[in-house]
Amino acid sequence: MSDVRTRAPWAWIARAVLVGVGLLATGVMAAEGSDNAAGPPAKAKVRNRAYIVQLAEPPVTAYSGGVAGLQGTKPRGGQKIDPNAPAVVNYMSFLRTRHDAVLGAAGGGRKLYSYGYVFNGLNT
C-alpha cells in the first residue's frame, strides 16, 4: 500500500470533483427556481441526488502497473480482461478501497456502486 503522502493528492482531486458536482447541481436547481418566466414557478421535479464521480487512477482495462504490489491489468491488443484473474481481482479491490477512502474524505455518504473495469469511479 502507498503511504498518506501519495494518497492525499487523489483525495483532494476527488473532493474537488464532489464539490464541483454539488455546486453544479445547486446552480441548476437555482436556475430552475428563478423568476425568469411570467406567472407562478413550476413545481420542482423530484431528483434522486445520485452522483457519479470519476477518480484519476486508470480502470482495469488501462492499468499498466505502477502501484507497489499490484500487477498491470491492461489487456494486450485484441485480448479481453479476465475478471477472475488474480491481478484483476487485486486491482479491483484496490480501486474499491480508494472509492471508500475518497467518499470518506469528502464527508461520507452512501456508495451505491463501484465502477472499475472500463471506468474508475463510484455512484453515490
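Any read-out appearing in this document is the output of simple, stated calculations on the displayed coordinates, not a laboratory observation. Here the structure is a predicted model, which means the values were calculated and not measured. With ideal geometry, Cβ positions are generated from the backbone for all residues, glycine too; neighbour counts draw on all protein chains shown.
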Fewest Cβ neighbours within 10 Å first, please rank Val102, Val53 accordingly.
Val53, Val102
Mean Cβ-within-10 Å packing, highest first, puts peptides 88-96, 58-66 in the order 88-96, 58-66
